[in-house]
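Asker: Mind looking over this structure? Questions follow.
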Amino acid sequence: HTKSCPASSSSYVVLLLNTMTRHALLVASLVGTASAWTPGSSSRSTMRRLSPRMAPKMAGAAAAIGGVGGIGVKSEEGLDERYAAINSGQAAQQANYDAWVKTIDGPGMTAAAAAIGIDVNLEEGSVSYAADFESKRTPLDFDLLYCRHGKTTGNTEPRVYQGFVDEPSNALNEIGLQQAEDAADLLDGMGLSPDLIVLSPLSRAAETGRAYVRRHPELEAKTEVWDDTAEQQFGVWDNMMVKDLEDDNICHLFYLTQNAVVKADGPYVDPSSKQEIPSENFVELLVRMNKVLIKLNEKAKDLEVCTM
């Protein structure tokens, strides 16, 4: 699907506008070739084996984006104490998890993860690279840039589980809208000419991306919305405030111990459409996003592109 290119040609570039840092990290972990940065956060990652052509641009953008905006401060009285109480409940959370994990299809989950080179430890709820990861990972023939959405009310303290949800509180707030414009400035500064822009269907990510696309009408035809790139589905936990969930709820292990297996037993019900959206855990999200990477590769094959 490639052709010979002059030295000045650029490789196929995909810009993926999505919803969370976890997505960025897992995409990089699956391919080892992606770059990611997060508007409004000092936590950013330039992923391993970044192509030499893109590395200087991404380094500059990552350095600049760290100073944009900021993470919300705790504004509710007693919130620190509430989080401390939840943190002290880890023993009970773990005991509930030990009982819960026996009720799920552990073998099916571990088999799906093994197929993409990921080992799952059900007892610990952890994931790691399998010995055969390199032979199973999805190699990409293009540069993949990943940008997270700007700030929302949902990820401002007191925070919520903000997953596959698109209620008003999940839209970009004033800070997030400015961060989207700042991200567009940085993308412009990188001198990109993306061949494909993929947006999550969730408005907070899509609007972050459209701040850039609106400046370049020629990119409209290269912009697509892919439902399968959306944020993790937290089920009944979605849009619940963390502080309002029981101290012994296994949901807290997701962020306290990075448990990759835990998930809600019930679906999220969209208040407008009444659609039920089932829950998924991080392992299932890994499998889903690996399929997205394969889909991107197939998309690239449909076009005659240059590779460097």
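Asker: Going by amide H atoms built from the backbone, whose H comes under 5 Å of the H on Ser126, apart from near neighbours?
Answerer: Hits under the 5 Å cutoff: Asn121, Ala260.
Asker: Follow-up question, since we're still on this one. If DNA, RNA and ligands are ignored and the probe is 1.4 Å, what is the ranking of Arg204, Arg148 by accessible area, most exposed first?
Answerer: Output order, biggest surface exposure first: Arg148, Arg204.
Asker: Also: So what does Ser88 come to for accessible area, using a 1.4 Å probe and Å² rounded to 10?
Answerer: 90 Å²
Asker: Further question: Gain in length, Ala92 to Arg214, computed as 0.36 nm per residue apart minus the alpha-carbon separation, to one decimal in nm?
Answerer: Once the chain is fully extended between Ala92 and Arg214, it gains 39.0 nm.
Asker: Now, a different point. What's the center-to-center distance, using Cα atoms, between segment 231-259 and segment 169-200 in Å?
Answerer: Segment 231-259 and segment 169-200 have Cα centres spaced 28 Å from each other.
Asker: Still on this structure: Please give the length that would be gained between Glu181 and Glu167 if that part of the chain were fully extended, namely 0.36 nm times their separation in residues minus their C-alpha to C-alpha distance (nm, one decimal).
Answerer: Going from the current span to full extension adds 2.9 nm.
Asker: Turning to a different aspect of this structure: Can you pull the one-decimal nm distance between simple spin-label points at Ala115 and Lys102, each 7 Å off the Cα toward Cβ?
Answerer: Label-label distance for Ala115 and Lys102, simple model: 2.9 nm.
Asker: From the phi angles alone, apply the Karplus equation (6.51, -1.76, 1.60; θ = phi - 60°) to segment 85-98 and give each ³J(HN,Hα) in whole Hz, x where the residue is Gly or Pro.
Answerer: Result, ordered by residue: 5, 5, 4, 6, x, 4, 4, 5, 4, 5, 4, 5, 5, 4 Hz.
Asker: What's the magnitude of the charge dipole for segment 106-155 around its Cα centre, counting Lys and Arg as +1 and Asp and Glu as -1 at the beta-carbon? Answer in Debye, nearest 20.
Answerer: 320 debye
Asker: Something else about it: At 7 Å along Cα-to-Cβ for each site, give me the label-to-label distance between Glu81 and Lys222 in nm.
Answerer: 5.5 nm
Asker: Largest first, what is the accessible-area ranking of Ile294, Ile116 with a 1.4 Å probe?
Answerer: Largest to smallest exposure gives the sequence Ile294, Ile116.
The values are calculated or read from the model by the stated rules, or taken from the named source; none is laboratory data. Worth saying up front: this structure is predicted, and the values here are computed from it rather than measured. Please note: Cβ atoms are built from the backbone with ideal geometry, for glycine as well, and neighbour counts cover all protein chains shown. Calculation scope for accessible area: heavy atoms of the full protein, side chains included, ligands and nucleic acids excluded. Shrake-Rupley method; radii C 1.70, N 1.55, O 1.52, S 1.80 Å.
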